[in-house]
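One structure coming up, written as structure tokens, with questions to follow.
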Amino acid sequence: MKRVLVTGGAGFIGSNFVKHIMAKYPDYSVAIVDALTYAGNLDNLPQELRDDERLCFWQGNVRNPEIINPLVADADIVVHFAAETHVARSIYDNSTFYETDVLGTQVVANAVLKYPVERFVHISTSEVYGTAVYTPMDEDHPPNPRSPYASAKTGAD
């Protein structure tokens with residue numbers, strides 16, 4: 001059985017990813033870690049999924065290596081969604097964005113280095129590129145973050 005760790009798995013996008021994995025791969029188990037801030041809510045996961053023995057949930061912050069390290073050590077795959085989001089929120093509380101998006105990603109990446117996994121996927125955002133300098137945008141497009149949120153995600157990348 002493959003073990004997948006999903007950070008931010010109670011958020012809108014993370015929870016939809018968890019639903020997909022649980023439906024498509026009946027031989028996978030999923031561990032979710034989520035701080036349950038304004039963006040994370042267990043109600044994003046249907047009750048029957050929360051009751052599934054293949055799913056376990058840990059409430060915690062990705063900045064805490066005491067939580068993250070053992071979860072990564074027990075995973076085959078890590079998918080890192082956890083982040084502070086929303087451009088407007090970042091303007092008023094930019095330090096939280098830096099702490100979660102940059103330092104939290106560092107904690108997860110350090111854990112992956114300490115406890116190697118088959119695959120580590122870091123979820124980013126198009127916001128790191130800002131307005132297109134040229135189209136179509138490709139891997140060589142220069143970053144052009146235009147908000148504290150975009151800057152924090154650029155730092156995480």
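So which strands (runs of 3 or more DSSP E) are wholly in segment 4-99 and hold at least 3 residues that are in contact (Cβ under 8 Å) with a residue 40 or more places away in the chain and within 24 Å of Glu118 (Cβ to Cβ)?
So the answer is 28-34, 77-80.
Could you check, for segment 132-144, whether at least one of its residues is among the hydroxyl-bearing types (Ser, Thr, Tyr) and over 15 Å from the mean Cα position of the chain (by Cα)?
Scanning segment 132-144 turns up at least one residue that is among the hydroxyl-bearing types (Ser, Thr, Tyr) and over 15 Å from the mean Cα position of the chain (by Cα).
Follow-up question, since we're still on this one. Please go through segment 122-157 and give me each residue that is hydrophobic (A, V, I, L, M, F, W, C), within 17 Å of Val79 (Cβ to Cβ) and open to solvent by 50 Å² or more (accessible area, probe 1.4 Å), ordered by number.
If the condition is that a residue be hydrophobic (A, V, I, L, M, F, W, C), within 17 Å of Val79 (Cβ to Cβ) and open to solvent by 50 Å² or more (accessible area, probe 1.4 Å), then Ile123 is the only one that fits.
A further question follows. Quick one: which of Asn64, Asn16 is farther than 18 Å from Asp74 by Cα, open to solvent by 50 Å² or more (accessible area, probe 1.4 Å) and out of contact with any Gly (no Cβ under 6 Å at 6 or more places or on another chain)?
Result of the check over Asn64, Asn16: Asn16.
Here is a further query. Residues being of a type outside the set (Phe, Trp, Tyr), closer than 13 Å to Leu49 by Cα and out of contact with any Leu (no Cβ under 8 Å at 6 or more places or on another chain): count how many of those fall in segment 13-23.
4
The values are calculated or read from the model by the stated rules, or taken from the named source; none is laboratory data. Bear in mind that the values here come from a model prediction, so they are computed numbers and not experimental data. Neighbour counts are summed over all protein chains in view; Cβ atoms, including those assigned to glycine, are modelled from backbone coordinates with ideal geometry. Just the protein is used for accessible areas: all its heavy atoms, side chains included, with ligands, DNA and RNA removed. Shrake-Rupley method; radii C 1.70, N 1.55, O 1.52, S 1.80 Å.
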